[in-house]
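**Student:** Just dropping this structure here.
The values are calculated or read from the model by the stated rules, or taken from the named source; none is laboratory data. Fair warning: this is a prediction, and the values are worked out from it, not measured in the lab. Note that we place each Cβ from the backbone using ideal geometry, even for glycine, and neighbour counts take in every protein chain shown. Ligands, DNA and RNA are excluded from the accessible area calculation, which covers all protein heavy atoms including side chains. Shrake-Rupley method; radii C 1.70, N 1.55, O 1.52, S 1.80 Å.
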Amino acid sequence: MKRLEFLGDSLVRLRDFPETIRREIGVQLHKVQLGLEPSDWKPMATIGTGVGEIRVRDHQGAFRVLYVVKLAETIYVLHAFQKKTQKTIKRDLDIAALRLRQIQE
């Protein structure tokens, strides 16, 4: 099983999510650790190769976790956030891209 590492404030942000959302994201990240695909995800090639977005939605809103699995034996959680609009805010994409660059150096 791959190791999980949270970058920047991603773990703090994840802990601020509602409990049901946290639990579901935990299940989905565990799937990724086992080499499986999350239930609802999409590739985020605009951020970088190997970056994926786990998508969880319920009555409390839409929550996202951006991660990368293509580096060594570690899954890096780049960013976690709640979506407030249909389109992902550029600032959230920029945070993930910056953290990806930091681990690639």
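**Student:** Taking R0 as 25 Å, what's the FRET efficiency between Lys84 and Thr49 from their Cβ-Cβ distance, rounded to 0.05? Before the final figure, lay out each step's value.
**Tutor:** Numbers: r = 28 Å, r/R0 = 1.11.
Computed FRET efficiency for Lys84 and Thr49: 0.35.
**Student:** In bins 10 Å wide, starting from 0, what share of all Cα pairs of the chain does each bin hold, as a percent?
**Tutor:** Bins of 10 Å from zero give 15, 54, 29, 2 percent of pairs.
**Student:** Tell me, what is the FRET efficiency for Lys2 and Glu105 to the nearest 0.05, using R0 = 30 angstrom and their Cβ-Cβ distance as r?
**Tutor:** On the way: r = 21 Å, r/R0 = 0.69.
Once the sixth-power term is evaluated, E becomes 0.90.
**Student:** For the stretch 25-69, what size does the Cα cloud have along each of its three principal axes, sorted from largest down, in whole Å?
**Tutor:** Dimensions of the stretch 25-69 along the principal axes of its Cα atoms: 32, 25, 11 Å.
**Student:** Pulled fully out, how much extra length does the chain show between Gln60 and Arg91, if you take 0.36 nm times their separation in residues and subtract their Cα-Cα distance? Working shown, then result.
**Tutor:** Values: separation 31, 0.36 × 31 = 11.16 nm, distance 2.18 nm.
This chain segment gains 9.0 nm when fully extended.
**Student:** Compute the accessible area per residue over the stretch 45-97, keeping the other protein chains in place, probe 1.4 Å, unit Å². Working shown, then result.
**Tutor:** On the way: 2740 Å² over 53 residues.
In whole numbers, the stretch 45-97 has 52 Å² accessible per residue.
**Student:** Taking 22 Å as the cut-off for C-alpha to C-alpha distance, list the pairs among Lys42/Lys87; Lys42/Lys84; Lys2/Lys83; Lys31/Lys84; Lys31/Lys90; Lys2/Lys90 that go past it. Don't skip to the answer; put the middle values down first.
**Tutor:** On the way: Lys42/Lys87 14 Å; Lys42/Lys84 18 Å; Lys2/Lys83 28 Å; Lys31/Lys84 26 Å; Lys31/Lys90 28 Å; Lys2/Lys90 29 Å.
Lys2/Lys83; Lys31/Lys84; Lys31/Lys90; Lys2/Lys90, as the Cα separations exceed 22 Å there.
**Student:** May I pose another question? Which value, in debye to the nearest 20, describes the size of the charge dipole of the chain about its Cα centre when Lys and Arg Cβ atoms bear +1, Asp and Glu Cβ atoms bear -1, and nothing else is charged?
**Tutor:** On the way: 19 positive and 13 negative charges, 48 e Å.
Charge dipole, the chain, about its Cα centre: 240 debye, nearest 20.
**Student:** With the contact rule set at Cα under 8 Å and sequence spacing of 6 or more, what percent relative contact order holds for the stretch 33-105? Provide the component values of the computation, followed by the final result.
**Tutor:** Working: 98 pairs, mean separation 16.2, N = 73.
The normalised contact order for the stretch 33-105 reaches 22 percent.
**Student:** Given a 1.4 Å probe and every protein chain left where it sits, what share in percent of the accessible area of the chain is carbon and sulfur? Don't jump to the answer; show the numbers that get you there.
**Tutor:** Numbers: 3220 of 6270 Å².
Result for the chain: 51 percent of the exposed heavy-atom area is carbon or sulfur.
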